[in-house]
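The values are calculated or read from the model by the stated rules, or taken from the named source; none is laboratory data. In this text the structure is predicted, and so the values were computed from the model without any measurement. Heads up, the Cβs are rebuilt from the backbone with ideal geometry, glycines too, and the neighbour counts pull from every protein chain shown.
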Amino acid sequence: MKLQVRDVPPRSVWALEQSGVHPVLARLFAARGVHDAQELKTELALLLPPAGLKGIDDAAQLLANAIAQQLRFCIVADYDCDGATACAVALRGLTLLGAQHVSFIVPDRVVDGYGLTPDIAQRVHASGAQVLITVDNGIASVSGVEEAKRLGLYVLITDHHLPGPELPTPHALVNPNQPGCSFESKSMAGVGVMFYVLLALRAELRQRGIFSKETEPKLDGLLPLVALGTVADVVGLDANNRRLVAQGLLRMRKGHLPAGMAALFKVAARDATQASSQDMGFAIGPRINAAGRLSDMTLGIECLRTDDTELAWRLAQQLDTINRERRSMEGDMREQALLIAESLMDSEEIAPAALCVFDEDFHEGVVGIIAGRLKDLHYRPCFVFASSQSQGQAVLKGSGRSIPGFHLRDALDAIAKRHPNLLLRFGGHAMAAGCTLLEDDLATFEMALQDIATQWLDAATLAQTLATDGSLPQQYVRTDMVKHLQAHVWGQGFAVPVFQDTVNVLSQKIVGEKHLSLKLQLHGQLVDAIWFGRTEGLPVQATVAYRLDINTWQGMEKLQLQIEAMQPFYN
């Protein structure tokens, strides 16, 4: 892996420093496209106004009318963390704003597939609901929306996924990525879209005289859920998303978070008063996601919606158990997938530009994770498939992960155009997408994916590089620098700082059977380091890419480097 230092615009660094930004942070922010300290402010008042979202006025009026008529609402959720948090936000927010009957349905990943289908619409109608609201899905549910309307339901679609060639025609549609929407934050997660709908609904109710500024319900208590779903869905952290996440973190650290989230922090052995985006992405989010992968996302939603601390703790423990099962299953699948992928890489003189892996024992709830692991290892687009059922028919459901420079959904769209009957359904984003096809068509799909990958990818794109922030000056190799960094929101599109320096390796040993523990000399200073998932030793001198962290042991804090990559050092 090649280490490449990010470009840093000097004028932006100077402007940020003149505004009082710490010198190291000024360099980091400038390298991530921040030119003005105003972009770093996280006050709620600086959020983009809801009015910029196309269709949001229609949504607010539909919901306000339904509340006035005491209609029954049903939320159709998705089975990932974004969908679960969006559902919990909808349940809590609508109740706060006066809705008296709010229920939800989560499609079963295996039985129902993704999104609002005609069958799901029929189930919503049979439940007695009169208003159907999708969260984190619906932009592709043309037939599902038509069936819901035929049944006499009012339909509101809230989604953030990229639309296909045909849009559904609900009574209201809110999606920042729909044609004609001028909202600046195209990266908003599904939970963020639902939160904005609630803001618009509250404003509509205020205009109707239902509330005043003094009596209207506070919606900021929903922000911890918004932050969790935003981080867990790995959407780009533009300025608006960073504000949503920062405001959620602020409340978590003050202890203002739903009972279920507090229980999840506890079961994950994390401290909510020190909450970070890394906690949500690597500890809390995976426990919610595990329910949708292996069990029923109803568990996750019930955990996030309850205010009963005892129930929250029981549900959090169940989610933790399911997550342990998911990790065990993932480990077994990963080993088999690695063997298949290695055989594909070794079977030809030139390694394939994309990987397509299937095994009849794979579980469809974990294929996305495995695709991500393969993508990281071989640095090329990867699809992993598992056997499934769709409307009584045996099919393969695949999940793909990609690399910069290869837009996965566009690739699927190109495959669908070249092979019109190949993909039964598909959708997704640039870096993650999914599709369904017949098992007999797998070889055709693999060939089509290879053709497009060969055309779109060149050697430069397939050469894996790690962007770093260059050397960390000696005076900042301290624990308080870690705390400066942790005070800010980092994630997708606003990468966690990774520095690179040449170090002397004083000692190294394997810990936990699969991690490398080291003692290094950095700028003449002795520091501890850990390289997770690596057992191969380092040379006595190397250039390493690392993140700053704090290792707390028996109440004592000590600086620790997390090694991400290494290059041999040459004089």
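Structure data summary
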| read-out | value |
| --- | --- |
| Which numbered condition Ala337 fails, given (1) surrounded by fewer than 22 Cβ atoms within 10 Å (Cβ to Cβ); (2) closer than 28 Å to Phe383 by Cα | (1) |
| Sole exception among (1) part of a helix (DSSP H, G or I); (2) out of contact with any strand residue (DSSP E or B) (no Cβ under 7 Å at 6 or more places or on another chain); (3) among the β-branched types (Val, Ile, Thr) for Ile210, by number | (1) |
| Number of the condition not met by Cys81 [criteria: (1) surrounded by 24 or more Cβ atoms within 10 Å (Cβ to Cβ); (2) at pLDDT below 95] | (2) |
| Residues satisfying the stated conditions in the stretch 338-382, i.e. part of a loop (DSSP other than H, G, I, E, B) and in contact with a Phe, Trp or Tyr (Cβ under 6 Å, 6 or more places away or on another chain) | Pro381 |
| Answer from Thr230, Thr215, Thr158 - the residue that is among the hydroxyl-bearing types (Ser, Thr, Tyr) and farther than 30 Å from Asp413 by Cα | Thr215 |
| Residues being part of a strand (DSSP E or B) and β-branched (Val, Ile, Thr) - total across the stretch 60-102 | 3 |
| Qualifying residue in the stretch 420-436 (condition: touching a Gly at 6+ places or on another chain (Cβ under 6 Å) and without any contact (Cβ under 8 Å) to a residue 60 or more places away in the chain) | yes |
| Within the stretch 442-510, helices (runs of 4 or more DSSP H) holding 3 or more residues that are farther than 30 Å from Gly398 by Cβ | 479-486 |
| In the stretch 67-87, the residues that are in contact with a Ser or Thr (Cβ under 6 Å, 6 or more places away or on another chain) and either assigned by TED's automatic domain parsing to the domain that holds Gly365 or of a type outside the set (A, V, I, L, M) (or both) | Cys74 |
| Residue in the stretch 283-294 that is within 23 Å of Leu396 (Cα to Cα), among the basic types (Lys, Arg) and surrounded by 16 or more Cβ atoms within 10 Å (Cβ to Cβ) present | yes |
| The stretch 55-68, residues that are surrounded by fewer than 18 Cβ atoms within 10 Å (Cβ to Cβ) and not hydrophobic (A, V, I, L, M, F, W, C) | Asp57, Asp58, Gln61, Asn65 |
| Unmet requirement for Ile133, which otherwise passes all of (1) part of a loop (DSSP other than H, G, I, E, B); (2) touching a residue at least 60 places away in the same chain (Cβ under 8 Å) | (1) |
| Any hit, the stretch 317-337, residues being among the small types (Gly, Ala, Ser), touching a residue at least 40 places away in the same chain (Cβ under 8 Å), part of a helix (DSSP H, G or I) and over 19 Å from Asp361 (Cα atoms) | no |
| Test: residue in the stretch 245-264 that is farther than 22 Å from Ala312 by Cα and either among the basic types (Lys, Arg) or not in a helix (DSSP H, G or I) (or both) | no |
| Subset of the stretch 276-315 [at pLDDT 95 or above, aliphatic (A, V, I, L, M) and farther than 21 Å from Ser103 by Cα] | Met280, Ala283, Ile284 |
| Residue list for the stretch 1-42, restricted to those being surrounded by fewer than 17 Cβ atoms within 10 Å (Cβ to Cβ), outside any loop (DSSP other than H, G, I, E, B), basic (Lys, Arg) and modelled with pLDDT of 95 or more | Arg11 |
| Residue list for the stretch 437-450, restricted to those being under 26 Å from Glu166 (Cβ atoms) and surrounded by fewer than 20 Cβ atoms within 10 Å (Cβ to Cβ) | Leu438, Asp441, Thr444 |
